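**Q** Would you mind keeping the following structure in view while I ask a few things?
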Amino acid sequence: GAGVSQSPSNKVTEKGKDVELRCDPISGHTALYWYRQRLGQGLEFLIYFQGNSAPDKSGLPSDRFSAERTGESVSTLTIQRTQQEDSAVYLCASSTQTGNEQFFGPGTRLTVL
Amino acid sequence: AQSVTQLDSHVSVSEGTPVLLRCNYSSSYSPSLFWYVQHPNKGLQLLLKYTSAATLVKGINGFEAEFKKSETSFHLTKPSAHMSDAAEYFCVVKEYGNQFYFGTGTSLTVIP
């Protein structure tokens, strides 16, 4: 079956603009994660969704960042009023409820000019 | 509290020689442990995982890792490096709950 997909693969935007990144998890996966990976660095947890439970937003760096997920399907990560320090690869992963393996998407490379 | 420490940010080996990538963790519970690999411009791929079964875990591409509770370590090894092993490697810890904690990564260079 299909893996995790993300769109767009690349996004270039101007400082101050809003951007929306999309993640399509593997069908049937109840858990969905967003991470940020700055150049040459490890993964930084942003937010976690599990089924219909309230999301764990503890990793969101500021109130400019938000994410939504409808049921157990698509998720969107929105960054408002983008800043240059938001430039990074944004990775999405999904897993089953037991969560013993994450499956990663290819990422969206965001460049803020 | 939990944390993951990858002791080397860069490792360089010659082709055909052994690989050792070190990972130590701190955890209050019995964790699940993972190694992921990220090739340039590619997505993250699971190499292997430990989930409280055998302490020596075999993964893909000839990699293996040993869970040592007394040393709180989960080092990744491979007997003979191949050029295609050049990549970034991440050690990951998951304990109670569903949040995964990533190490900062080790960049592996393989010299021909």
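**Q** Provide the net charge surrounding A:C92, with neighbours chosen by a C-beta distance below 12 Å and charges set as Lys +1, Arg +1, Asp -1, Glu -1.
**A** Details: positive: A:R22, A:R36, A:R69; negative: A:D24.
Counting the neighbours of A:C92, the net charge comes to +2.
**Q** Does segment B:7-99 classify as rounded, prolate or oblate by the C-alpha gyration tensor (a ≥ b ≥ c root eigenvalues; a/c under 1.5 gives rounded; else a/b over b/c gives prolate, otherwise oblate)? Show your work: numbers first, answer last.
**A** Details: a/c = 1.93, a/b = 1.57, b/c = 1.22.
Cα axes put segment B:7-99 in the prolate bin.
**Q** Then there is this: Taking only Cα atoms and a 10 Å spring cutoff, compute GNM fluctuations for chain B and point out the largest among B:P18, B:P31, B:P40.
**A** Fluctuation is largest for B:P40.
**Q** Let me ask something else. Relative contact order of chain A, please, whole-number percent, based on alpha carbon pairs below 8 angstrom and at least 6 residues apart. Write out the running numbers ahead of the final one.
**A** Values: 279 pairs, mean separation 43.1, N = 113.
Computed over chain A, the figure is 38 percent.
**Q** In whole Å, what are the Cα extents of segment B:1-48 along the three principal axes, biggest one first?
**A** 38, 23, 17
**Q** Also: Tell me the carbon and sulfur percent of the accessible area for the protein assembly as shown, rounded to whole percent, probe radius 1.4 Å. Write down the numbers at each step before the final one.
**A** Values: 5280 of 10870 Å².
Reported share for carbon and sulfur atoms: 49 percent.
**Q** When the solvent-accessible surface of protein heavy atoms is calculated with a 1.4 angstrom probe, in what order do B:I60, A:I26, A:I79 fall, highest first? Write out the running numbers ahead of the final one.
**A** Values: B:I60 60, A:I26 35, A:I79 0 Å².
Result, largest first: B:I60, A:I26, A:I79.
**Q** Under 1.5 on a/c is rounded, so check that first for chain A, then, if it is not, pick prolate when a/b is larger than b/c and oblate when it is not; a ≥ b ≥ c are the square roots of the alpha carbon gyration tensor eigenvalues. List each step's numbers first, then the result.
**A** Working: a/c = 1.83, a/b = 1.61, b/c = 1.14.
Prolate, since a/c reaches 1.5 and a/b exceeds b/c.
**Q** Report the residue, chosen from B:L20, B:L48, B:L56, that carries the largest GNM mean-square fluctuation when chain B is represented by alpha-carbon nodes joined by springs under 10 Å.
**A** The residue with the greatest mean-square fluctuation here is B:L56.
**Q** State, in square angstrom and to the nearest 100, the accessible area buried between chains A and B, both chains counted, probe radius 1.4 Å. Intermediate results must be reported in sequence, preceding the final value.
**A** Values: alone 6170 and 6170 Å², together 10870 Å².
The summed interface area works out to 1500 Å².
**Q** If you don't mind, another one. Could you list the square roots of 5 times each eigenvalue of the Cα gyration tensor of the protein assembly as shown, that is, the equivalent ellipsoid semi-axes, sorted largest first and rounded to whole Å? Write out the running numbers ahead of the final one.
**A** On the way: eigenvalues 177, 87, 47 Å².
Semi-axes from the Cα gyration tensor: 30, 21, 15 Å.
**Q** For B:D85, what is the net charge nearby, where nearby means another residue's Cβ is under 10 Å from its Cβ and Lys, Arg count +1, Asp, Glu -1? Numbers along the way, then the final one.
**A** Working: positive: B:K78; negative: B:E15.
Charge balance near B:D85 sits at 0.
**Q** Around B:P112, what is the net charge, scoring Lys/Arg as +1 and Asp/Glu as -1 over all other residues with Cβ under 13 Å from its Cβ?
**A** Values: positive: none; negative: B:E15, B:D85.
Around B:P112, the surrounding residues sum to -2.
The values are calculated or read from the model by the stated rules, or taken from the named source; none is laboratory data. Since the model is a prediction, treat every value here as computed from it, not as a measurement. Here Cβ is always computed from backbone atoms with ideal geometry, including for glycine, and neighbour counts include all displayed protein chains. Note: areas computed on protein heavy atoms with side chains; ligands, DNA, RNA excluded. Shrake-Rupley method; radii C 1.70, N 1.55, O 1.52, S 1.80 Å.
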